[in-house]
Amino acid sequence: DIALYYAKDKGRNNYQFYQTSLSTRTPELLSLEKSLRHALDRKEFLLYYQPKVNILTGEITGMEALLRWHHPEMGIVAPNIFIPLAEASGLIVPIGEWVLREACKQNKTWQDAGFSLMTVAVNLSPKQFHQPQLVETVAEILKTTGLAPEYLEIEITETTAIENLDFTTNILKQFEQMGLPLAIDDFGTGYSSLSRLQTLPFHNLKIDRSFIKELTADDKVAHIITAIVNLGRSLGLRLIAEGVEKSEELDFLKLIQCDDVQGYLFYKPLSSQQATEIIRERIKK
Ligand code: C2E
Ligand code: CA
Ligand code: CA
Ligand code: CA
């Protein structure tokens, strides 16, 4: 329950990161939580989109929706800061619903403009995943926005997935029946084995950025990534590497036949306007 948060430096006019435990609520944290309560009403949230790229063709295969909070004084606040707060206070449920709806609306707009065959992936937090109305909510949002289910991808982390395998299986099977693509996120950080996860109906596996970051510095990490890719493939999963920043990393991932890559080497998270421009240019080619 550690949260990072911003607090304004006394005397100076800039914000600094602090780390705190959520159980010791400092005045700064309480005030941030208070403004978070109004952020939805005040329309302070926005989604950024990071393209996922086919490693062989360079085609954009999908976008990951990444939440941002435009705080009136602090400017853009990153999710690592406010998602733990939202999760602890339960605010993540309405916020997460907003994310789902906004991502589906955006993708429907892209599809209607001719950018078809592209998924938009949404991250679900643990509390959101355990929310009793989740499946109904997703179904309602797809119906209301008119987006075909195959274009809304759901990402849950390995840690969320293994917490209660029976529960996870039940929810994911319902999503699978609805036709949603399912991704296991941050793989490798949950200390589970792929064999424990093989019964879950995932289509995609995202190898956590921490591995890619160590790739060029540590030989052992290259072996670990290779093992994840080979085992994942043998289980019929599509493999995605997160946080690719260097061309050496890309070369290695090509060599071991990873399927897709996501990272600053290709694109940083983009505003919806920037994302629209990029896919429009690509369509023209
Ligand atoms: P994540 O799901 O693992 O998302 C990937 C994060 O890695 C994003 O950070 C992205 O900007 C960053 N990233 C991508 N490529 C690179 C790279 O090449 N280098 C580096 N250094 N970073 C890269 P972001 O947007 O700050 O999001 C952080 C986390 O916050 C996400 O991690 C996810 O767990 C959570 N999050 C974001 N949006 C949502 C949301 O709508 N709902 C929920 N529940 N969680 C969200
Ligand atoms: Ca993710
Ligand atoms: Ca991830
Ligand atoms: Ca991550």
Odd one out for Lys127 among (1) in a helix (DSSP H, G or I); (2) open to solvent by 20 Å² or more (accessible area, probe 1.4 Å); (3) closer than 30 Å to Leu32 by Cβ; (4) out of contact with any helix residue (DSSP H, G or I) (no Cβ under 6 Å at 6 or more places or on another chain): (4)
Meets criteria (more than 16 Å from ligand 2 (Cβ to nearest atom), closer than 27 Å to Ser192 by Cα and not hydrophobic (A, V, I, L, M, F, W, C)) for Glu136: no
Residue among Leu147, Leu142, Leu180, Leu200 that is farther than 17 Å from Ala121 by Cα, more than 16 Å from ligand 3 (Cβ to nearest atom) and of a type in the set (A, V, I, L, M, F, W, C): Leu200
Members of the stretch 202-232 that are in a helix (DSSP H, G or I) and acidic (Asp, Glu): Glu214, Asp219
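Looking at this structure, is Leu165 under 30 Å from Leu194 (Cβ atoms) and at pLDDT below 95?
Considered against the rule, which asks whether it is under 30 Å from Leu194 (Cβ atoms) and at pLDDT below 95, Leu165 comes out as yes.
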When residues of the stretch 233-285 are limited to those that are within 16 Å of ligand 3 (Cβ to nearest atom) and part of a helix (DSSP H, G or I), the one farthest from Thr119 (Cα to Cα): Glu249
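Listed here are the residues, each with its yes/no results for (1) open to solvent by less than 10 Å² (accessible area, probe 1.4 Å); (2) within 16 Å of ligand 4 (Cβ to nearest atom); (3) touching a residue at least 60 places away in the same chain (Cβ under 8 Å).
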| site | (1), (2), (3) |
| --- | --- |
| Thr168 | yes, no, no |
| Pro181 | no, no, yes |
| Ile207 | yes, yes, no |
| Leu231 | no, no, no |
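Looking at the stretch 57-67, which of the residues that are at pLDDT 95 or above and either open to solvent by less than 30 Å² (accessible area, probe 1.4 Å) or more than 16 Å from ligand 4 (Cβ to nearest atom) (or both) is farthest from the chain's Cα centre (by Cα)?
Gly62
Would you pick out the residues in the stretch 193-205 that are open to solvent by 20 Å² or more (accessible area, probe 1.4 Å) and either touching a helix residue (DSSP H, G or I) at 6+ places or on another chain (Cβ under 7 Å) or under 17 Å from Lys254 (Cβ atoms) (or both)? Lay out the reasoning, then the answer.
First pass over the stretch 193-205, keeping only residues open to solvent by 20 Å² or more (accessible area, probe 1.4 Å): 193, 195-196, 198-199, 202-203.
The answer is Arg196, Thr199.
The values are calculated or read from the model by the stated rules, or taken from the named source; none is laboratory data. Since the model is a prediction, treat every value here as computed from it, not as a measurement. Please note: Cβ atoms are built from the backbone with ideal geometry, for glycine as well, and neighbour counts cover all protein chains shown. Ligands, DNA and RNA are excluded from the accessible area calculation, which covers all protein heavy atoms including side chains. Shrake-Rupley method; radii C 1.70, N 1.55, O 1.52, S 1.80 Å.
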